[in-house]
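Shown next, in structure tokens, is the structure this report addresses.
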Amino acid sequence: MSPNQLLQAIGPELRAQIMTYLQTEHRAAYKAVIDSLAQQRRLRPVFVLEKSRAKQADWVLEQISAKSNEEVTAQIFQIWLLKGQADMLITFLDAAEIAHDGKGEVTELPEEITDEKAEASVSALIAKFPAKQVALYLHMFQQQREGGWPSLTKAIAARAELKLEA
């Protein structure tokens, strides 16, 4: 799934959670997103920033829904996942036995993830985190490699709670 398809599939509750996280925890990144999107629309960023937080979030979500802004959507997801969901990343990497720095940063992704490791990592995530968050993370992780990992694709497909419909 493309980042924009994921954005639609995760639903309004998780979209709002991600936007609130950006607005409160990563203000510089949030402002950079608004600056970039406003510039594309030939607007001054202050026009957006003067709105209430809820209206700002609605405006950003409307803008990033456009196919031309898929890179921005992917960056927003990456910030939220890497900075705000480190526990989820670490849980997955540990269960899949992928070496990382203890904070979820990986220097080299494996060529292969066995079926057993894929199932163990998906099970570990489902046991600890909400299904839509897990589905978003796994879909974004799969995009780190052309075609993803077949074993993860199979493990995701085997879980009804991880199916996202765009």
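Key figures for this structure:
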quantity: Scope segment 138-157; condition touching a residue at least 12 places away in the same chain (Cβ under 8 Å) and in a loop (DSSP other than H, G, I, E, B); matching residues; calculated: Q143, Q144, R145, W149
quantity: Boolean, K67 is open to solvent by 20 Å² or more (accessible area, probe 1.4 Å), in contact (Cβ under 8 Å) with a residue 60 or more places away in the chain and more than 19 Å from A29 (Cα to Cα); calculated: yes
quantity: Complete set of residues in segment 75-85 that are of a type in the set (A, V, I, L, M), open to solvent by less than 30 Å² (accessible area, probe 1.4 Å) and modelled with pLDDT under 95; calculated: L81
quantity: Odd one out for A95 among (1) under 16 Å from L14 (Cβ atoms); (2) open to solvent by 10 Å² or more (accessible area, probe 1.4 Å); calculated: (1)
quantity: Segment 116-160, subset more than 17 Å from M88 (Cα to Cα) and acidic (D, E), residue least open to solvent (accessible area, probe 1.4 Å); calculated: E116
quantity: Residue identified as open to solvent by 40 Å² or more (accessible area, probe 1.4 Å) and small (G, A, S) among A38, A57, A9, A16; calculated: A16
quantity: Residues of segment 19-35 satisfying the condition of being exposed (fewer than 13 other Cβ atoms within 10 Å of the Cβ) and either assigned to a loop (DSSP other than H, G, I, E, B) or of a type in the set (V, I, T) (or both); calculated: T24
quantity: Number of positions in segment 11-28 that are of a type in the set (A, V, I, L, M), under 15 Å from the mean Cα position of the chain (by Cα) and over 23 Å from M1 (Cα atoms); calculated: 0
quantity: Residue check for E97: touching a helix residue (DSSP H, G or I) at 6+ places or on another chain (Cβ under 8 Å) and either under 17 Å from W149 (Cβ atoms) or at pLDDT below 95 (or both); calculated: yes
quantity: Filter result for V48 (surrounded by 17 or more Cβ atoms within 10 Å (Cβ to Cβ), more than 19 Å from the chain's Cα centre (by Cα) and not in a loop (DSSP other than H, G, I, E, B)); calculated: yes
quantity: E108 vs. criteria part of a loop (DSSP other than H, G, I, E, B), open to solvent by 80 Å² or more (accessible area, probe 1.4 Å) and either hydroxyl-bearing (S, T, Y) or in contact (Cβ under 8 Å) with a residue 12 or more places away in the chain (or both); calculated: no
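The values are calculated or read from the model by the stated rules, or taken from the named source; none is laboratory data. As the structure is a computational prediction, the values presented were derived from the model and not from experiment. All Cβ positions, even for glycine, are placed from backbone atoms using ideal geometry, and neighbour counts span all protein chains on display. Ligands, DNA and RNA are excluded from the accessible area calculation, which covers all protein heavy atoms including side chains. Shrake-Rupley method; radii C 1.70, N 1.55, O 1.52, S 1.80 Å.
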